[in-house]
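> Shown below is the structure under consideration.
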Amino acid sequence: QKEVEQDPGPLSVPEGAIVSLNCTYSNSAFQYFMWYRQYSRKGPELLMYTYSSGNKEDGRFTAQVDKSSKYISLFIRDSQPSDSATYLCAMSGGSNYKLTFGKGTLLTVNP
Amino acid sequence: KAGVTQTPRYLIKTRGQQVTLSCSPISGHRSVSWYQQTPGQGLQFLFEYFSETQRNKGNFPGRFSGRQFSNSRSEMNVSTLELGDSALYLCASSTGLAGGNTGELFFGEGSRLTVL
């Protein structure tokens, strides 16, 4: 079992839709959870950061972490064509200082 | 503030050759990490350097190596190239190990390597 599992999609939604992106993980030592966004031909950029369990909201984006289920989510409200990108979850924790990434979900928001 | 700069952006090599990729981190960042990104495996961690010392290493063969200079610039080298080494190689810098307290890595645009 891979440490981090993420459905690669692709996911295609109409403009204005609510998008739900998810990752599961197996390493209980993870306590820092991040979502990165990667546009085509660009490097990933940090979108959201959450420590431990709970919710965090930033504009149209909400990140949720459920450590008991080892499950994290990113919700995008009122999705826009400019949100079209690959979304990667990432996490770290424990004694091994490195970020472990999911494979990424390709999202297309159609006007 | 200048971002992370990677050179070259694109390169084509043949099997058996070696390649050196360069990364200039954001000014003031002491940590540089390298990742390999492929459609099949996603983003895989190669190694991280902090203050010229390798602090962490991923599960890649010894053909993959790196180093960091006193000005925090970093290079990675791949020797005896194989077809499977074709990938986007991303460099990321941060203030602390593994992105520090916020996990924020600042990525460059990558070096796309094609091995024929």
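> Enumerate the aspartates and glutamates that A:Lys2 could reach by cross-link, defined here as Cα to Cα under 14 Å, with residues fewer than 8 away along the same chain left out.
Those aspartates and glutamates meeting the cut-off do not exist here.
> Another question, then. Using label points projected 7 Å from each Cα along Cα→Cβ, tell me how many nm separate A:Glu57 and A:Ser20, to one decimal.
Each label point is offset 7 Å from its Cα along the Cβ direction, giving 1.8 nm.
> I would also like to ask the following. Report, as an integer, the average count of C-beta atoms from other chains found within 10 Å of each Cβ along B:104-112.
Average per residue, whole number: 4.
> Shifting gears a bit: Antiparallel as a % of all DSSP beta bridges within chain A, to the nearest 5?
Around 90 percent antiparallel, to the nearest 5.
> Still on this structure, I have one more. Using alpha-carbon positions, what is the distance between the centroids of region A:78-111 and region A:1-48, in Å?
Between the Cα centres of region A:78-111 and region A:1-48 lies a distance of 3 Å.
> Let me ask you something else. Could you work out the relative contact order of region A:11-111? I mean the mean sequence separation of Cα pairs under 8 Å and 6+ apart, divided by the number of residues, in percent.
36 percent
> How far apart, in nanometres, would the label points at B:Thr5 and A:Ser40 be if each is projected 7 angstrom from Cα along the Cα-to-Cβ direction?
2.8 nm
> Just counting partner chain Cβ atoms within 10 Å, what average do the residues of peptide A:40-53 show around their Cβ?
Other-chain Cβ atoms within 10 Å of each residue's Cβ, averaged: 4.
> Still on this model: Would you work out the relative contact order for chain B, in percent, from Cα pairs under 8 angstrom that are 6 or more residues apart?
36 percent
> Per residue of B:83-92, how many C-beta atoms from partner chains lie within 10 Å of its own C-beta, taken as a mean? It would help to have the intermediate numbers written out before the result.
Details: counts 0, 0, 0, 0, 0, 2, 0, 3, 1, 3.
The mean count of partner-chain Cβ atoms within 10 Å per residue comes to 1.
> Fewest to most neighbouring Cβ within 10 Å: what's the order for B:Thr95, B:Thr7, A:Thr100?
B:Thr7, B:Thr95, A:Thr100
> Show me A:42-49, B:52-59 ranked by packing, highest mean number of other Cβ atoms within 10 Å first. Write out the running numbers ahead of the final one.
Numbers: A:42-49: 18.9, B:52-59: 13.1.
Averaged packing, sorted descending, gives the order A:42-49, B:52-59.
> Rg/Rh for chain A: what does it come to with C-alpha atoms and Rh from Kirkwood?
Here Rg/Rh amounts to 0.96.
> Calculate how large, on average over all directions, the projected area of the Cα convex hull of the protein assembly as shown is; give the answer in nm² to one decimal. Display every interim value, and only then the final one.
On the way: hull surface 49.8 nm².
In nm², the orientation-averaged hull projection of the protein assembly as shown is 12.4.
> Right, another one. What ratio of Cα Rg to 2.2 N^0.38 Å holds for chain B? Let's see the in-between values first.
Numbers: Rg = 13.3 Å, N = 116, 2.2 N^0.38 = 13.4 Å.
Against the compact-globule rule of thumb, the ratio is 0.99.
> Using 5 Å bins from zero, what percent of all Cα-Cα pairs in region B:40-97 falls into each bin?
4, 15, 30, 26, 15, 8, 2, 0
A short reminder: the numbers here are calculations on the coordinates, not readings from a lab. Quantities reported herein were computed from a predicted structural model and do not represent experimental measurements. Note that each Cβ is placed from the backbone with ideal geometry, even for glycine, and that neighbours are counted across all protein chains shown.
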